[in-house]
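**Student:** I'd like to ask some things about the structure below.
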Amino acid sequence: MLTQAGLAEHLTLTGATQPTFVSATPHRFTDASVVSLQMVDAISILNLNNRRNLEQRLGVRTNPARFRVNLEIAGLPPGWELESIGSTLHAGGVSLRHIKRTKRCAVTEDTARRDLMLPYLL
């Protein structure tokens, strides 16, 4: 488990500059509308091969950070997420059930300026 001291050491923070952990319980930040307990624990995944495919089609490089996902996965075929809803992905002792496709909003249009209309292009 991550501790404040461990984070401070990892970030090489010294003196008065120390991390502060805060909580907004019971509020939780998710990519999905929190209409069910199932969706409260949802995470979003980016298939890196799908991103590379998108880059080839658009002729432009994209930073994975613009998609604001919780987990990036390599090794899946492009488009896997479109055909795997309802399936379970097993990796390293963890099982992830694919519930639904993430709807992308305007926040993916930029990393510093609006340069791609990704919701439209997707």
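**Student:** Every residue in the range 49-66 that is at pLDDT below 85 and basic (Lys, Arg), please.
**Tutor:** Once the filter is applied, which keeps residues that are at pLDDT below 85 and basic (Lys, Arg), the range 49-66 yields only 66.
**Student:** Just to be sure I understand, how many residues within the range 1-31 are at pLDDT below 80, β-branched (Val, Ile, Thr) and surrounded by 10 or more Cβ atoms within 10 Å (Cβ to Cβ)?
**Tutor:** The total comes to 1.
**Student:** Among (1) in contact (Cβ under 8 Å) with a residue 40 or more places away in the chain; (2) over 16 Å from the mean Cα position of the chain (by Cα), where does residue 86 come up short?
**Tutor:** Unmet for residue 86, out of (1) in contact (Cβ under 8 Å) with a residue 40 or more places away in the chain; (2) over 16 Å from the mean Cα position of the chain (by Cα): (1).
**Student:** A follow-up question, please. Tell me, please, whether a residue that is part of a helix (DSSP H, G or I) and at pLDDT below 85 can be found in the range 67-78.
**Tutor:** Yes, some residue in the range 67-78 is part of a helix (DSSP H, G or I) and at pLDDT below 85.
**Student:** Going through the range 61-73 one residue at a time, which ones are open to solvent by 70 Å² or more (accessible area, probe 1.4 Å), in contact (Cβ under 8 Å) with a residue 24 or more places away in the chain and over 19 Å from residue 100 (Cβ atoms)?
**Tutor:** Residue satisfying the conditions is 63 alone.
**Student:** Shifting gears a bit: Which number in (1) at pLDDT 70 or above; (2) touching a helix residue (DSSP H, G or I) at 6+ places or on another chain (Cβ under 7 Å); (3) among the charged types (D, E, K, R) marks the one condition that residue 41 misses?
**Tutor:** Evaluating residue 41 over (1) at pLDDT 70 or above; (2) touching a helix residue (DSSP H, G or I) at 6+ places or on another chain (Cβ under 7 Å); (3) among the charged types (D, E, K, R) leaves (2) as the failure.
**Student:** Something else about it: Restricting attention to the range 84-104, which residues are surrounded by fewer than 10 Cβ atoms within 10 Å (Cβ to Cβ) and not in a loop (DSSP other than H, G, I, E, B)?
**Tutor:** Hits for the range 84-104 are 88, 90, 94, 95.
**Student:** Write out, first by first residue and then by second, each pair whose Cβ atoms fall under 7 Å of each other, whose residues are 6+ apart or on separate chains, and whose first residue, in the range 49-60, is over 10 Å from residue 79 (Cβ atoms) and open to solvent by less than 40 Å² (accessible area, probe 1.4 Å) while the second is in a helix (DSSP H, G or I) and of a type in the set (Gly, Ala, Ser).
**Tutor:** Correct list of pairs: empty, since none qualify.
The values are calculated or read from the model by the stated rules, or taken from the named source; none is laboratory data. On a predicted model such as this, the values are computed, not experimentally measured, just so you know. Because the Cβ atoms are built from the backbone with ideal geometry, glycine has one as well, and the counts that use them run over all protein chains shown. In case anyone asks, the SASA skips ligands and DNA or RNA and just uses the protein heavy atoms, side chains included. Shrake-Rupley method; radii C 1.70, N 1.55, O 1.52, S 1.80 Å.
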